[in-house]
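Chemist: Structure in structure tokens, see below.
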Amino acid sequence: RRRTTVLRRRAVLATVPVALAALIGATAPTAPGTAGAPGAGDPYFPLSGNGGYHVRHYDLTLRYDTTTRNLRGTAVLSARATQRLSRFDLDLTGLTVTGVTVDRTPATFRRDGQELVVTPPRTLPAGGAFQVAVTYQGTPAPVTDPDGSQDGWIPTDDGAFVAGEPQGAMSWFPGNAHPKDKSSYDFTLTVPQGRTAVANGELLSEHTTHGQTTFHWRETRPMAAYLATATIGTFRVERSTTPDGIQIYNAVDPREASAAAPVLKQLPAVLAWESKLFGPYPYRSAGAIVDHAPDIGYALETQTRPVYDSAPDLTTLVHESAHQWFGDSVSLTSWKDVWLNEGFATYAEWLYSEQHGGDSAQKTFDALYASPASDALWAYPPADPGSGKNIFGTPVYSRGAMALHELRRAVGDRDFFRILRAWATGHRDGHGTTAQFTDLAERLSGKRLDGLFHTWLFSKGKPNKA
Ligand code: ARG
Ligand code: ZN
């Protein structure tokens with residue numbers, strides 16, 4: 001429909017004298033265009049991501065000196081304008097930008113807080129492909145999140161632990177850092193010989209010259225910026241292939257090796273069990289990065305290859321693996337919906353226990369339900385945590401899982417597992433919102449569930465038992 005409008009307008013203009021057409025102005029090729037928004041519109045992280053363009057692919061070439069902690073890099077972004085674009089932002093904090101080009105021509109840029117503001121030499125046409133290259137260097141520093149935790153590029157005694165949820169991607173590469181925008185990635189990482197640099201996806205090559213080793217990783221499936229990693233350390237590497245043909249690459253800090261070994265041995269079985277429940281594993285590669293990063297206190301579901309701050313227990317392995325379906329393949333469009341990641345990964349833990357001789361999900365639910373109304377668990381509703389400082393709180397994780405358990409009780413096991421599977425497969429490599437999930441649950445079960453979701457996802461305080 002839109003195309004015919006445009007054609008008709010052109011036809012009219014063609015009959016108007018050139019000078020008059022210039023006066024009308026609206027379709028003249030010199031129309032000014034507008035600046036891309038500095039954020040993607042997230043209510044909790046208003047400056048995360050940017051408006052006006054989509055990044056199709058990131059090509060990151062980075063060199064890290066583990067002694068001086070200097071990072072030197074070039075980021076080449078293949079993008080597409082979603083509006084006529086006179087100017088656009090990238091997210092980047094700290095570091096020093098030494099040059100920016102757009103389509104290989106030098107562009108003007110300035111820094112404004114976490115925004116790198118780029119003015120291309122020529123306005124970019126709506127819908128047009130363009131390439132931005134940013135060269136930069138400096139000592140990356142972690143980002144402190146609203147809840148006081150740290151994420152991003154976190155130096156360790158032998159490298160760096162790199163985990164960007166929710167805001168840390170901007171601490172090590174310039175980009176469109178909101179999960180709304182998903183991209184493929186190439187990582188070319190050079191580190192001192194003896195250190196290993198581990199990123200997402202498949203390892204294409206590894207070679208050493210002049211005491212430096214370069215690792216080339218590629219993630220071909222769409223990935224949110226916060227799920228990218230380039231974790232560096234002195235790692236023991238172990239590779240294998242699962243019976244389903246998934247390539248496993250594990251990198252383990254030797255100080256964590258004996259504690260990690262029995263848990264990592266379970267990874268193929270955990271992925272097979274989750275595939276049975278949630279549908280096919282979304283990626284070709286998998287694995288774990290087990291670092292020794294004492295001050296972090298969390299793991300992250302970095303796509304294909306979660307990063308752990310120390311040897312994980314089996315429950316954590318199950319949790320981060322479940323995120324590959326819920327969070328990584330099916331991404332958020334708003335951090336407010338984070339229960340779609342954490343509630344689901346937590347419920348995967350409960351299901352794992354139930355199906356492997358541990359407590360039933362009902363027993364786990366009942367134990368949580370017994371906690372007093374004053375407990376932190378009831379402080380805010382899972383699907384409306386209120387601010388960025390609450391996105392990793394127990395109401396999002398545990399009460400989010402309780403909401404799924406109540407859904408399961410209401411629709412029965414058959415429909416519940418059909419819903420989980422349809423969610424993962426129907427939104428694979430894409431996005432999902434809370435409203436889309438509740439609609440799907442109603443559609444597949446044929447039941448009205450608004451009361452249940454209102455109570456368990458959106459209401460303040462401890463719900464009464466149904
Ligand atoms: N998504 C991670 C997990 O539950 C937690 C990340 C926490 N990040 C943070 N900055 N505190 O597996
Ligand atoms: Zn999680």
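Each reported figure results from applying straightforward, stated rules to the coordinates on display, with no laboratory input. Predicted model, so just to flag it, every value in this text is computed and none were measured. Every residue, glycine as well, gets a Cβ built from its backbone with ideal geometry; the counts of neighbours run over all protein chains shown.
Chemist: Using 7 Å Cα-to-Cβ label points, what is the Arg443/Ser371 separation (nm, one decimal)?
Modeler: 3.4
Chemist: I've got another one for you. Given the options Ala259, Ser48, Ser78, identify the residue whose Cα lies farthest towards the positive end of the charge dipole of the chain (+1 on Cβ of Lys, Arg; -1 on Cβ of Asp, Glu).
Modeler: Of the listed residues, the answer is Ser78.
Chemist: Follow-up. Treat the count of other C-beta atoms within 10 Å as a stand-in for reagent exposure and order Ser240, Ser398 from fewest to most.
Modeler: Working: Ser240 12, Ser398 22.
Lowest to highest Cβ neighbour count: Ser240, Ser398.
Chemist: Report, in whole Å, the centroid distance computed from the Cα atoms of the range 200-252 and the range 288-322.
Modeler: 15
Chemist: Sort Arg104, Arg284 so that the residue with the fewest other Cβ atoms within 10 Å of its own Cβ comes first and the one with the most comes last. Working shown, then result.
Modeler: Working: Arg104 7, Arg284 13.
Arranged by neighbour count, lowest to highest, Arg104, Arg284 become Arg104, Arg284.
Chemist: Sticking with this one: Work out the length of the dipole vector of the chain about its Cα centre, built from +1 on the beta-carbon of each Lys and Arg and -1 on the beta-carbon of each Asp and Glu, and round it to the nearest 20 debye. Could the numbers behind the result be given before it?
Modeler: On the way: 45 positive and 46 negative charges, 461 e Å.
Approximately 2220 debye in magnitude.
Chemist: Here's something else I'd like to know. By the gyration tensor of its Cα atoms, with a ≥ b ≥ c the square roots of the eigenvalues, what is the shape of the range 140-185: rounded for a/c under 1.5, prolate for a/b over b/c, or oblate?
Modeler: Numbers: a/c = 2.48, a/b = 1.38, b/c = 1.80.
Judged from the Cα gyration tensor, the range 140-185 comes out oblate (a/c at least 1.5, b/c at or above a/b).
Chemist: Two decimals is fine: what is log10 I(q)/I(0) at q = 0.24, 0.29 Å⁻¹ for the range 319-363, from a Debye sum with one equal scatterer on every Cα and no solvent?
Modeler: Ignoring solvent entirely, the Cα scatterers give -0.76, -0.93.
Chemist: Over every pair of different alpha-carbon atoms in the range 206-340, take the mean of 1/r and invert it; report that Kirkwood radius in Å. It would help to have the intermediate numbers written out before the result.
Modeler: Details: mean 1/r = 0.0643 Å⁻¹.
Over the range 206-340, the inverse of the mean reciprocal pair distance is 15.6 Å.
Chemist: Each label point is 7 Å from the Cα along the Cα-to-Cβ direction; what then is the distance between the points at Thr241 and Arg122, in nm?
Modeler: For Thr241 paired with Arg122, the spin-label model returns 4.8 nm.
Chemist: Moving on to the next point. Which residue, chosen from Gly233, Gly113, Ala160, occupies the Cα position most advanced towards the positive end of the dipole of the chain, where the dipole is computed from +1 (Lys, Arg) and -1 (Asp, Glu) charges on Cβ about the Cα centre?
Modeler: Ranked along the dipole, the leading option is Gly113.
Chemist: Test of understanding: ordering Lys182, Lys462 by Cβ neighbours within 10 Å, fewest first, what list do you get? Show your work: numbers first, answer last.
Modeler: Values: Lys182 23, Lys462 15.
Listed from fewest to most nearby Cβ atoms, that is Lys462, Lys182.
Chemist: Shifting gears a bit: Which distance in nm do the two modelled labels at Ser360 and Asn70 give, with both placed 7 Å along the Cα-to-Cβ direction?
Modeler: Computed distance between label sites Ser360 and Asn70 equals 6.3 nm.
Chemist: Could you tell me whether the range 116-216 comes out rounded, prolate or oblate from its Cα gyration tensor? Rule is a ≥ b ≥ c as square roots of the eigenvalues, rounded for a/c under 1.5, then prolate if a/b exceeds b/c, otherwise oblate.
Modeler: Numbers: a/c = 2.00, a/b = 1.29, b/c = 1.55.
It is oblate, given that a/c is not under 1.5 and a/b is not larger than b/c.
Chemist: Restricting to the chain, compute how many DSSP beta bridges are antiparallel as a %, nearest 5.
Modeler: Numbers: 76 of 96 bridges.
Bridges in the chain that DSSP calls antiparallel: roughly 80 percent.
Chemist: Here is a further query. With a/c under 1.5 counting as rounded, go ahead and sort the chain into rounded, prolate or oblate using the C-alpha gyration tensor (a ≥ b ≥ c being the square roots of the eigenvalues; past the cut-off, prolate if a/b is larger than b/c, else oblate).
Modeler: oblate
Chemist: What is the extension gain from Lys460 to Thr209, computed as 0.36 nm multiplied by their sequence separation minus the C-alpha to C-alpha distance, in nm to one decimal? Kindly include the intermediate steps, with their values, before the conclusion.
Modeler: Numbers: separation 251, 0.36 × 251 = 90.36 nm, distance 5.92 nm.
So the chain would gain 84.4 nm between Lys460 and Thr209.
Chemist: Write down the Å³ per residue value for the convex hull defined by the alpha carbon atoms of the range 302-387.
Modeler: Values: hull volume 10.5 nm³, N = 86.
Normalising the Cα hull of the range 302-387 by residue number yields 122 Å³.
Chemist: Just need the relative contact order of the chain here, percent rounded to a whole number, with Cα pairs under 8 Å and 6+ apart.
Modeler: Details: 1055 pairs, mean separation 51.0, N = 466.
Here the relative contact order equals 11 percent.
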